[in-house]
1. Within segment 77-110, find all residues whose amide N lies under 18 Å from a label point positioned 7 Å from the Cα of K340 along Cα-to-beta-carbon.
2. Given q = 0.23 Å⁻¹, what are the Debye log10 I(q)/I(0) values for segment 104-143, with equal point scatterers placed on the Cα positions and solvent ignored?
3. Which residue fluctuates the most in the chain, going by a Gaussian network model with Cα springs under 10 Å, if the choices are P293, P362, P211?
4. Mind pulling the per residue volume of the convex hull built on the Cα atoms of the chain? Å³ is fine.
5. What is the spin-label model distance, in nm, from S25 to S141 if the labels are put 7 Å beyond Cα along the C-beta direction?
6. Pull up the cross-link candidates among the aspartates and glutamates for K36, meaning alpha carbon to alpha carbon under 19 Å and not fewer than 8 places away within one chain.
7. Counting heavy atoms of the protein chains only and a 1.4 Å probe, report the per residue accessible area for the chain as a whole number of Å².
8. Looking only at GluC sites (Glu not before Pro) in DSSP loops with at most 12 other Cβ atoms within 10 Å, what is the longest site-free stretch of the chain?
Amino acid sequence: MQSIEERRIIYYLPLLRTEASIQLSDFKITPFLKDKEYSHLLPVDVFDGTGSLIEFNGFESNDFFTQEIDKKTFIALERLKFSYFFHNPSHVMCIDGYVSSETFECFRCREPSDDPAFEHKVHFSNGMYSFSESLKTYYSSRASLKLQPITPKTGVFDYVDYFNKNTAEESHLTAMRLYNRCWSTYSIHNSIDKPVLARASIEILAKLKFPQDPLKKFIPDFFETAFLKLNQLGNSDATVHRLTELISQNRDSLQNMVTEQINFIKDARHSFAHEGIETEALTNIPFYLVWFPLYWMVLLQADKMTAKDGVRLALFFCLLKIRPEYWQHIDHQPLPNQTKRSHLDAYAYYSRILPKWSETRPEETKIVLSSISKWFSI
């Protein structure tokens, strides 16, 4: 029987569709093409071939399997998910619809073995023992969730390379995985994991920055560094400057809001871990899902921040004037003749387009900026 290393492989993402290759610093996402040499590796009784492949510098689809590339592939997927959700947090009005970590699930499709009994198995564990199931049976169960494919543009992966250096360290990668896990699809009766995972990821990053008393220092430091950086960026960017003016007068109340939301997560985690009490209040944790990548950026990557990062950070502080439980409410219309947006949708949308509009559509930029104070009741 052939060993794994003697068999060719592709890494296939069935729900990620690309019109052209998306090249990142050390890997790329490329459309699966049915007329390529690798096409025979895809099980046609499982997948329809409309998904994408992940390839690396030094590895192309149909190359032989190696443990090194396998590890790099699944680290790259964590970076991919982290970047996507940072840039485009999934919400009720999201153009991509319902998106979760499972949307980025990747399958190893290997060259057929001499012994077909060993082909295309997926491994499971219930905590007591492991077992295997056929890929076809497994993917049929996944497909029953009715997750829709997404067709992302290059821009949604802007932050893949931004966090590249950090993932070389195991602790950074662990924090990223914990965050991505919180974007997983859960049964409504099985969501207690989320505050536990969220709290763990927060503590990991805090301890990286502050070996001593990290949980006392990370929130004040987050605000001190964030506003220092916003003021610096605002010196050369008018949009960042205007947004910073709006939020600076509310800095104390914003810090109180962040502290309150993080305490909710801490209390939910502690009550479950120490008292065995579950709470349904944090079935969804929108504050954490939006804030954590910004926390990472400010805490560990502040020296790399640019004006577009400043716009996103400042708009997040504006968003904090609305309590997270109301972020999905649809009642904002900053420009005439535009569809109304939820608060979270407006945050995500203007975080993406305001840095571009600042240069190409100055009049619309002024209108949006003038409406923000009313929008967030600042």
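The values are calculated or read from the model by the stated rules, or taken from the named source; none is laboratory data. Everything numeric here is computed off the predicted structure, so don't read it as measured data. So basically every Cβ, Gly included, is an ideal-geometry build from the backbone, and we count neighbours across all protein chains shown. Surface areas here come from the heavy atoms of the whole protein model, side chains and all, with no ligands, DNA or RNA. Shrake-Rupley method; radii C 1.70, N 1.55, O 1.52, S 1.80 Å.
1. Hits in segment 77-110 for K340 at 18 Å: 92-94.
2. -0.88
3. Greatest mean-square fluctuation among the candidates belongs to P211.
4. 163 Å³
5. About 3.8 nm, to one decimal.
6. In chain and number order, the partners are E19, D45, D48, E55, E60, D63, E111.
7. Per residue, the chain has 48 Å² of solvent-accessible surface.
8. Details: sites that count: E19, E169, E280.
The segment 20-168 is the longest one with no such site.
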